[in-house]
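So the structure is just underneath, and the comments pick up after that.
The values are calculated or read from the model by the stated rules, or taken from the named source; none is laboratory data. Nothing here was measured: the structure is a model prediction, and the numbers come from that model. Methodologically, a virtual Cβ is constructed for each residue, glycine included, from the backbone with ideal geometry; neighbour enumeration extends over all protein chains shown. Calculation scope for accessible area: heavy atoms of the full protein, side chains included, ligands and nucleic acids excluded. Shrake-Rupley method; radii C 1.70, N 1.55, O 1.52, S 1.80 Å.
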Amino acid sequence: MRKVKIYVTLRESVLDPQGSAVMGSLHKMGYGEVEDVRIGKYLELMISDDAGDVDALVNEMCQKLLTNTVIEDYRFEIEEAVSQ
Amino acid sequence: MKFAVIVFPGSNCDLDMYHAVKDELGEEAEYVWHDSTDLSGYDGILLPGGFSYGDYLRCGAIAQSSPVMDEVKKAAEAGKPVLGICNGFQILTEAGLLPGILLRNKNLKFMCRTVGLKVENANTLFTNEYMAGQEIRIPIAHGEGNYYCDDATYEQLKNNNQIVFSYADDFNGSRNNIAGIVNERGNVLGMMPHPERAVSDLIGGSDGLSLFKSIVKQWREANVSHA
């Protein structure tokens, strides 16, 4: 089994009102050194060993469902998972 | 004219959509479940608002992968009118039938109120009963109605007259106050405001009724021959 860790981030051109709200809050708490906050998503998939090209498979799933490339970028890491 | 009202798990404006075309206009309408694989018997497709699949992942993203969406795409390709309201608009963008995407409102709040809309294009099959530039009042109810697209897409929308409705005031952050757009061919409309909630003066307004009348009028002109 392989574990795929997918990181989804908002494209730079897209405003992130959630991130701005969190930054405002951090500033109020005294963390004035924070210059920007962007909120993304983290997904973990477990992929069976009999899957062929995991890289191609994950790219396909990211483009079809897991991300929306109009506003999001993604990257992923594939790890060998120790079977339980 | 026979309408399909597509129902996803979490749709909640399906009854209002049905009511608008069936009770107010006297047309035929049926609820069609999201796993249906045949829409060939319908003349128009309505995608209602709500929170399909709890808005998990992204609004409309999971509904977009439902079996019925392949049929909605076929209907759009065949030139049938396809109308997506609120969550229905979000589903149409996720499905790639309309460009852009709906983001969180800029103030992060769910907003529910009646707003002013300007009819930007009265030459579509959805708006032929309105006047160009007419201001109408339609309720909104959304947390993710902030329309976003890149510059190239916006230019394309503008040059092709695909912007159909815009908000009179900016309250959710939408690019150029865009409230509703059509595809290039003009037979797929997505809009965040709810015309199906404004079909009778008894419930606060009837400015939305003309949208449904437009669809029916266009269809009759194209399909019914007068003896």
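Can you tell me which residue is least open to solvent (accessible area, probe 1.4 Å) among those in region A:6-38 that are within 20 Å of B:LYS106 (Cβ to Cβ) and among the acidic types (Asp, Glu)?
The initial filter retains those residues of region A:6-38 that are within 20 Å of B:LYS106 (Cβ to Cβ), namely A:9-28, A:36-38.
Subset that is among the acidic types (Asp, Glu): A:12, A:16, A:36.
Working: A:GLU12: 178, A:ASP16: 13, A:ASP36: 105 Å².
Result: A:ASP16.
Does A:LYS3 satisfy being loosely packed, with under 15 Cβ neighbours inside 10 Å, charged (D, E, K, R) and more than 14 Å from chain B (Cβ to nearest Cβ)?
The answer is yes for A:LYS3.
For residues that are open to solvent by less than 70 Å² (accessible area, probe 1.4 Å) and more than 14 Å from the chain's Cα centre (by Cα), scanning just region B:102-113, find the one that is nearest to the other protein chains (Cβ to nearest Cβ).
B:LEU108
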| message | Whether any residue in region B:123-134 is charged (D, E, K, R) and more than 14 Å from chain A (Cβ to nearest Cβ) is what I want to check. | response | yes
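Could you look through region B:125-140, keep only residues that are open to solvent by 10 Å² or more (accessible area, probe 1.4 Å) and in contact (Cβ under 8 Å) with a residue 24 or more places away in the chain, and pick out the one that is farthest from A:LEU10 (Cα to Cα)? If you could, list the steps in order and put the result at the bottom.
In the first step, residues of region B:125-140 are kept if they are open to solvent by 10 Å² or more (accessible area, probe 1.4 Å); the result is B:125, B:128-135, B:137, B:139.
Then drop every residue that is not in contact (Cβ under 8 Å) with a residue 24 or more places away in the chain, which leaves B:125, B:128-130, B:135, B:137, B:139.
Working: B:LEU125: 35, B:ASN128: 38, B:GLU129: 40, B:TYR130: 38, B:GLU135: 35, B:ARG137: 34, B:PRO139: 30 Å.
Going through the qualifying residues, I end up with B:GLU129.
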| note | Across region B:61-83, the tally of residues that are under 22 Å from B:LEU211 (Cβ atoms) and of a type in the set (Ser, Thr, Tyr) stands at 0
| message | I'm checking my understanding of the structure. Among residues of region B:70-87 that are buried (at least 19 other Cβ atoms within 10 Å of the Cβ), over 10 Å from B:LEU39 (Cβ atoms) and not β-branched (Val, Ile, Thr), which one is farthest from the other protein chains (Cβ to nearest Cβ)? | response | B:PRO81
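Test B:LYS118 against the stated conditions and say whether it is under 30 Å from B:TYR56 (Cβ atoms) and either in contact (Cβ under 8 Å) with a residue 60 or more places away in the chain or surrounded by fewer than 20 Cβ atoms within 10 Å (Cβ to Cβ) (or both). First the steps, then the outcome.
Working: under 30 Å from B:TYR56 (Cβ atoms): no; either in contact (Cβ under 8 Å) with a residue 60 or more places away in the chain or surrounded by fewer than 20 Cβ atoms within 10 Å (Cβ to Cβ) (or both): yes.
Here the answer is no, as B:LYS118 does not meet what is asked.
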| message | Pull out all pairs, ordered by first then second residue, where Cβ-Cβ is under 8 Å, the residues are six or more apart or on different chains, the first lies in region A:55-71 and is within 16 Å of B:LEU92 (Cα to Cα) and hydroxyl-bearing (Ser, Thr, Tyr), and the second is assigned to a helix (DSSP H, G or I) and open to solvent by 20 Å² or more (accessible area, probe 1.4 Å). | response | A:THR69/A:GLN63
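Given the structure, is B:GLY41 more than 13 Å from B:PHE8 (Cβ to Cβ), in contact with a Cys (Cβ under 6 Å, 6 or more places away or on another chain) and either of a type outside the set (A, V, I, L, M) or modelled with pLDDT of 95 or more (or both)? Lay out the reasoning, then the answer.
Numbers: more than 13 Å from B:PHE8 (Cβ to Cβ): yes; in contact with a Cys (Cβ under 6 Å, 6 or more places away or on another chain): no; either of a type outside the set (A, V, I, L, M) or modelled with pLDDT of 95 or more (or both): yes.
Against the criterion (more than 13 Å from B:PHE8 (Cβ to Cβ), in contact with a Cys (Cβ under 6 Å, 6 or more places away or on another chain) and either of a type outside the set (A, V, I, L, M) or modelled with pLDDT of 95 or more (or both)), B:GLY41 does not qualify.
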| note | Of the residues in region B:24-57, those that are free of Cβ contacts under 8 Å to residues at least 40 places away in the same chain and open to solvent by less than 20 Å² (accessible area, probe 1.4 Å) number 3
| query | Tell me, which strands (runs of 3 or more DSSP E) lie completely within region B:131-227 with 3 or more residues that are modelled with pLDDT of 95 or more and touching a His at 6+ places or on another chain (Cβ under 8 Å)? | reply | B:135-142
| message | Can you find a residue that is of a type in the set (Lys, Arg), surrounded by fewer than 13 Cβ atoms within 10 Å (Cβ to Cβ) and within 13 Å of chain B (Cβ to nearest Cβ) anywhere in region A:39-54? | response | no
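If we only count strands (runs of 3 or more DSSP E) wholly inside chain A, which ones have 2 or more residues that are of a type in the set (Val, Ile, Thr)?
Working: elements: A:2-10, A:41-47, A:72-80.
In chain A, the matching strands (runs of 3 or more DSSP E) lie at A:2-10.
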